[in-house]
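The values are calculated or read from the model by the stated rules, or taken from the named source; none is laboratory data. Computed from a prediction, not measured in an experiment: that's the story for all the values here. Positions of Cβ are backbone-derived with ideal geometry, glycine not excepted, and every protein chain shown enters the neighbour counts.
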Amino acid sequence: MTRDAVRNMLKRYGLSGVNKAKRTPDHPKKSHVVLAKEGDKLKLIRFGEQGADTVTESNPSGARKKKQDSFKARHAKNIAKGKMSAAWWANSVKWALVPFVFLLQ
């Protein structure tokens with residue numbers, strides 16, 4: 001992909017850069033989007049269940065920890081694939097103790 005094509009994709013989806021996740025509150029199913037890049041490969045990835053109760057005050061830490069462990073066990077194979085998988089991004093952004101999204105801003 002050329003630089004212009006990458007810039008157009010970033011602009012189209014309102015992203016601030018490559019490998020920087022963004023919330024998508026108006027998307028009907030997915031809560032985040034990212035333009036993932038690994039080496040020469042680029043891929044638009046939508047991930048995360050819209051409205052999922054992952055990192056909130058309304059979710060007690062014990063219940064959250066159980067959900068987190070279940071997610072990691074269920075998707076371990078896909079998380080291991082790295083940045084080019086939706087599971088890796090969901091694990092890094094939605095299930096991190098300090099959400100990855102805040103570190104990017």
*Which ones in the stretch 28-51 are part of a loop (DSSP other than H, G, I, E, B), at pLDDT below 90 and closer than 21 Å to W95 by Cβ?*
Q50, G51
*Please list, ordered by first then second residue, the pairs with beta carbon atoms under 8 Å, 6 or more apart or interchain, first in the stretch 64-91 and in contact (Cβ under 8 Å) with a residue 24 or more places away in the chain and on the phi < 0 side of the Ramachandran plot, second part of a loop (DSSP other than H, G, I, E, B) and among the aromatic types (F, W, Y).*
Q68/W95; F71/W95
*Would you point out the residue of the stretch 76-105, among those that are surrounded by 18 or more Cβ atoms within 10 Å (Cβ to Cβ) and in a loop (DSSP other than H, G, I, E, B), that is modelled with the lowest pLDDT?*
W95
